[in-house]
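Student: I have a structure here, written as structure tokens, and I will follow up with some questions on it.
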Amino acid sequence: MKKEQRGQWGSRFGFIMAAAGSAVGLGNIWRFPYLAGENGGGAFIIFYLIFVVLIGMSVMLTEFAVGRMTDTAAVGSFKSIDKRWTFAGVLGVISAFFIMGFYPVVGGWAVAYIFKSATGLLAAPDVIGDSFGAFITNAWEPLIWTAVFLFLNVVVVVRGISKGIEAAGKILMPMLFVLLIIIIVKGLTLPNSVEGLKFLFTPDFSKVNGEMLLAALGQAFFSLSLGMGCMITYGSYLKKDENLPANTFIVSGLDTLVALMAGLAIFPALFSFGMEPAAGPGLVFVVVPTIFAKMGGIGTVLSIIFFVALFVAALTSSVSLLEVAASYFIDERGWSRAKAVVSVSAVMIVLCVLASLSLGVMADMPIPVLGVGTFDLLDILTDKIFLAIGGVLVTVFAGWFVKKEDLEREITNNGTIPFPLFETWYTLIKFDVPIIIAVVAIAGIMGIEQQAVMIFGLLIIRFLALFSKKL
Ligand code: PHE
């Protein structure tokens, strides 16, 4: 299909907002703060930053280059260069379905909390924790919000690349920055807020172990939307004269900035009110509103702002996940965009129902053998295995199965833009990145509780590889 027919980004700013919109999401505002909290703050953040710079940026540039070089989405990219690698693209599409099996659930919580903040949630600070527990374990209420959230995704993605995804990113991303800055300013001006800064920026290296490193690596992949073909797909809609290294730098820089901003929005205020940092996934839904409740009237406004920001961040990310899955059916099966988007989201809503119920009604019925519920299964499989292995696959593919000259030509736009780091990048993706990921993954998998889930994930990948030519 010709580039114009597939759709294309309208402007450089639009692409950057869309790609940054994909990267900046629940990973930055919901997950990064609680992972940092659970893993001792500063030390986690240092390893996270090292992984972003060394591995994340290299993988992102690889994905942009492979995507634009082949002009097709994830599966087609691998397939058009080497048929045996089709499974790597298919793994990405499966990851998109799996992440979209729980992401809209949390996105729905964010939408719900915009309304709850406005309608009296903060009036009784002591029961905010209980009410969150009651809300997510309820059978129907979270599902309705999940459906609302997923519906908004469909509305954006059906409109296509420049009119839908790009248009949404251009409005929502700048808005997100403004909202976060308002909250940071308030947090930093509270008494004792410097304790929060100390927690974020003083590393406690006694907390470093294999599991923590895997958490930091998985988070780097998740947060930058890597290892599942998303940036391949977004890269395939890029014009040939765009500067790929510069875009990589800007997109990953913005993503890291927003993660740190989320930390700054939460921890100074949290310490100022003498609360605990290690609060798990409930951190932003329990601790954050509790902090706002203690601020009096202005707290209600800030809480609404915070959850609007969370919702906006989640929406621009989940549209990219929906796009990865839908683009497979559009590019490879020739479906119309509308048919692809609607069918794909129908499957996603089923997964979301199971994931949401697994936190409440079905909490006592974990999946046999694996021992976890659907929500946790989808989360662990993607975050801890699929994305990291997807990262190994795309770098090994580019490093060993794509011609070096082709990569160089793509990345330097036929020699018209200089990229002095080309050799460094090439060595990194050919050797270092796959090796580092393998070492961290093995160290992490050994320490993890859910080993059955890990083995299950590896089996899925092995199975896909076996059938690679038929895909
Ligand atoms: N990067 C998104 C976030 O931080 C999640 C995501 C992962 C989106 C993979 C697309 C692909 O929330």
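Student: Regarding region 274-285, can at least one residue be identified that is under 30 Å from G169 (Cβ atoms) and at pLDDT 90 or above?
Tutor: Checking region 274-285: at least one residue is under 30 Å from G169 (Cβ atoms) and at pLDDT 90 or above.
Student: Here's a follow-up. State which residue is farthest from F306 (Cα to Cα) when the search covers only region 177-211 and only residues that are of a type in the set (A, V, I, L, M, F, W, C) and part of a loop (DSSP other than H, G, I, E, B).
Tutor: V208
Student: Same structure, new question: Here is a list of conditions, (1) more than 21 Å from G196 (Cα to Cα); (2) more than 16 Å from the ligand (Cβ to nearest atom); (3) of a type outside the set (A, V, I, L, M, F, W, C); (4) crowded, with 24+ Cβ neighbours inside 10 Å, and P268 meets all of them except one; can you say which number that is?
Tutor: The one condition P268 does not meet is (1).
Student: Let me ask something else about it. Name the residue, out of E63, E38, that is in contact (Cβ under 8 Å) with a residue 12 or more places away in the chain and within 15 Å of the ligand (Cβ to nearest atom).
Tutor: E63
Student: Here's a follow-up. Of all residues in region 436-471, which are under 21 Å from T86 (Cα atoms) and without any contact (Cβ under 8 Å) to a residue 12 or more places away in the chain?
Tutor: L459, R462, F463, L466, K470 - these are the residues of region 436-471 that are under 21 Å from T86 (Cα atoms) and without any contact (Cβ under 8 Å) to a residue 12 or more places away in the chain.
Student: Quick one: which helices (runs of 4 or more DSSP H) lie wholly within region 25-79 and hold at least 3 residues that are more than 15 Å from the chain's Cα centre (by Cα) and within 27 Å of D376 (Cα to Cα)?
Tutor: Those helices (runs of 4 or more DSSP H) span 32-38, 42-51.
Student: Could you tell me whether T189 is surrounded by fewer than 22 Cβ atoms within 10 Å (Cβ to Cβ) and either within 16 Å of the ligand (Cβ to nearest atom) or without any contact (Cβ under 8 Å) to a residue 40 or more places away in the chain (or both)?
Tutor: Yes; evaluated as a whole, the condition is true for this residue.
Student: Related question: Counting only residues that are under 28 Å from G41 (Cα atoms), within 13 Å of the ligand (Cβ to nearest atom), part of a helix (DSSP H, G or I) and hydrophobic (A, V, I, L, M, F, W, C), how many does region 212-239 have?
Tutor: Count: 3.
Student: I'd like to know if region 373-381 contains one or more residues that are surrounded by fewer than 17 Cβ atoms within 10 Å (Cβ to Cβ) and either among the acidic types (D, E) or not in a helix (DSSP H, G or I) (or both).
Tutor: Within region 373-381, none of the residues are surrounded by fewer than 17 Cβ atoms within 10 Å (Cβ to Cβ) and either among the acidic types (D, E) or not in a helix (DSSP H, G or I) (or both).
Student: Determine which member of the set G42, G107, G10 is buried (at least 24 other Cβ atoms within 10 Å of the Cβ) and touching a Ser or Thr at 6+ places or on another chain (Cβ under 8 Å).
Tutor: The match here is G107.
Student: Sticking with this structure for a sec: Can you give me the number of residues within region 371-404 that are in contact with a Leu (Cβ under 8 Å, 6 or more places away or on another chain) and without any contact (Cβ under 8 Å) to a residue 60 or more places away in the chain?
Tutor: Residues in region 371-404 being in contact with a Leu (Cβ under 8 Å, 6 or more places away or on another chain) and without any contact (Cβ under 8 Å) to a residue 60 or more places away in the chain: 1 in total.
Student: Can you tell me which of (1) surrounded by fewer than 24 Cβ atoms within 10 Å (Cβ to Cβ); (2) within 14 Å of the ligand (Cβ to nearest atom) is the one L54 doesn't meet?
Tutor: So L54 meets the others, but not (2).
Student: Could you check region 398-468 for helices (runs of 4 or more DSSP H) lying wholly inside it with 3 or more residues that are under 25 Å from the mean Cα position of the chain (by Cα) and within 19 Å of D383 (Cα to Cα)?
Tutor: 433-447, 451-466
Student: Exactly one condition in (1) farther than 20 Å from E408 by Cα; (2) in contact with a Leu (Cβ under 6 Å, 6 or more places away or on another chain) is false for G56; which is it?
Tutor: That leaves (1) as the condition not met.
Student: Check whether at least one residue in region 176-184 is away from the ligand (no atom under 16 Å from the Cβ), more than 23 Å from the chain's Cα centre (by Cα) and more than 17 Å from G21 (Cα to Cα), and report yes or no.
Tutor: yes
Student: Tell me which residues, restricted to region 316-370, are more than 16 Å from the ligand (Cβ to nearest atom), touching a residue at least 12 places away in the same chain (Cβ under 8 Å) and not hydrophobic (A, V, I, L, M, F, W, C).
Tutor: If the condition is that a residue be more than 16 Å from the ligand (Cβ to nearest atom), touching a residue at least 12 places away in the same chain (Cβ under 8 Å) and not hydrophobic (A, V, I, L, M, F, W, C), then D331, E332, R337, S343, S356, S358, G360 are the ones that fit.
The values are calculated or read from the model by the stated rules, or taken from the named source; none is laboratory data. Fair warning: this is a prediction, and the values are worked out from it, not measured in the lab. A quick note on method: Cβ atoms are made from the backbone with ideal geometry, for glycine too, and the neighbour counts reach across all protein chains shown.
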